[in-house]
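Readers should treat all values here as calculations from the given coordinates under stated rules, not as data from a laboratory. Remember, predicted model here, so these are calculated numbers, not experimental data. Cβ: placed from backbone, ideal geometry, glycine included. Neighbour counts: every protein chain shown.
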Amino acid sequence: MANATIEKFGYPATLIRDYHHWVVLLRPAQPTLGSLVLAAKSDATAFGALPPEAHAELAIIIAEIEAALTRAVTYQKINYLMLMMVDPYVHFHVIPRYEGDREYGGVSVTDAGWAGQPALGQAVALDADQIKALAVWLKGIWPS
């Protein structure tokens, strides 16, 4: 089930939600609190190569991501970045954006890029205990 991109982002420890065609993972490096990776389970390296069912499922997933992150961090904007330069399989970096900082479980993250581009290089690297705590937190507020 897990391609190399999914594994690189810490699966299974970072798993928040498993869907038919996608997984939602906690991003181990947090440019903003609640940052996620939405990764296709497929070995496709082009967004257009995914089956129509994977595209259709995105409507459900995006609604759930936005509901969960609204509850978690009360974001002001949200960025979906499909970079795929280093990690070849289809995935998005989901970055909730907000002015200032947000905190949960002793992890505080300032949106250093607000109100411009996300400052991915200034992300807070989570340790294993922080990953576990934040994953449990987000799973607990996930809509489904």
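For the chain, the relative contact order works out to 29 percent when only alpha carbon pairs closer than 8 Å and six or more residues apart are counted. May I ask for the angle, rounded to the nearest 10°, between helix 128-141 and the longest principal axis of the chain, with both axes built from Cα atoms and the value confined to 0 to 90°? So the inclination is approximately 80 degrees.
In this structure, K132 and A49 have a Cβ-Cβ separation that, at R0 = 30 Å, corresponds to a calculated FRET efficiency of about 0.35. Mean projected area of the Cα convex hull of region 4-141, taken over all directions, amounts to 7.6 nm². For region 61-137, list log₁₀ I(q)/I(0) at each q in 0.16, 0.22, 0.25, 0.26 Å⁻¹, using the Debye formula over Cα point scatterers of equal strength and ignoring solvent, two decimals each. Result of the Debye calculation: -0.68, -1.28, -1.45, -1.46.
Here the calculated FRET efficiency for D101 and A56, from their Cβ-Cβ distance with R0 = 35 Å, stands at 0.45, rounded to the nearest 0.05.
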